[in-house]
Amino acid sequence: MEWTGIWGYNPEAKAYFGFRYYSDGWTDFPKGWLNGKTWTFVFEDEHRGGKAQRRQVTEVLESPTVLTFQWDRSVEGAPWTTTAVGKCSKVK
């Protein structure tokens with residue numbers, strides 16, 4: 001899967017906004033915030049498989065070489081469910 005995205009920053013909203021187009025034809029419109037070393041991205045009303053979904057991705061820059069993340073999802077307004085938790089490390 002590949003995607004192409006366009007990102008911008010709105011200083012009044014103090015948020016980043018994006019448009020992403022995926023190689024399988026899907027699109028999404030993330031909104032993100034940076035608070036210290038924590039990025040939070042929210043993907044609203046994404047429709048996959050005929051169901052409305054919301055996703056939230058939280059990424060924490062633990063160090064210059066380590067990033068931790070958590071992905072959460074809500075389908076059709078159901079409670080949030082964590083779908084992935086992980087850690088990425090830069091390899092020299």
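Where a number appears in this text, it was derived from the coordinates with a stated rule and is not lab data. The shown structure was predicted, so the numbers you read here are calculated from the model rather than taken from an experiment. Cβ sites come from the backbone with ideal geometry, for glycine too, and all protein chains shown count toward neighbours.
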Residue count, the stretch 9-23 (criterion: part of a strand (DSSP E or B) and closer than 17 Å to THR40 by Cβ): 7
Contacts under 7 angstrom Cβ, first residue in the stretch 77-92 being free of Cβ contacts under 8 Å to residues at least 40 places away in the same chain, partner acidic (Asp, Glu) and assigned to a strand (DSSP E or B), 6 or more apart: TRP80/ASP72; THR81/ASP72; THR82/ASP72; THR83/ASP72
Residues of the stretch 31-52 that turn out to be assigned to a strand (DSSP E or B) and closer than 25 Å to THR65 by Cβ, as a count: 8
The stretch 2-38: number of residues that are out of contact with any strand residue (DSSP E or B) (no Cβ under 7 Å at 6 or more places or on another chain) and surrounded by 13 or more Cβ atoms within 10 Å (Cβ to Cβ): 1
Residues of the stretch 64-92 satisfying the condition of being loosely packed, with under 10 Cβ neighbours inside 10 Å and either closer than 14 Å to THR38 by Cβ or out of contact with any strand residue (DSSP E or B) (no Cβ under 6 Å at 6 or more places or on another chain) (or both): PRO64, GLY77, PRO79, LYS90, VAL91, LYS92
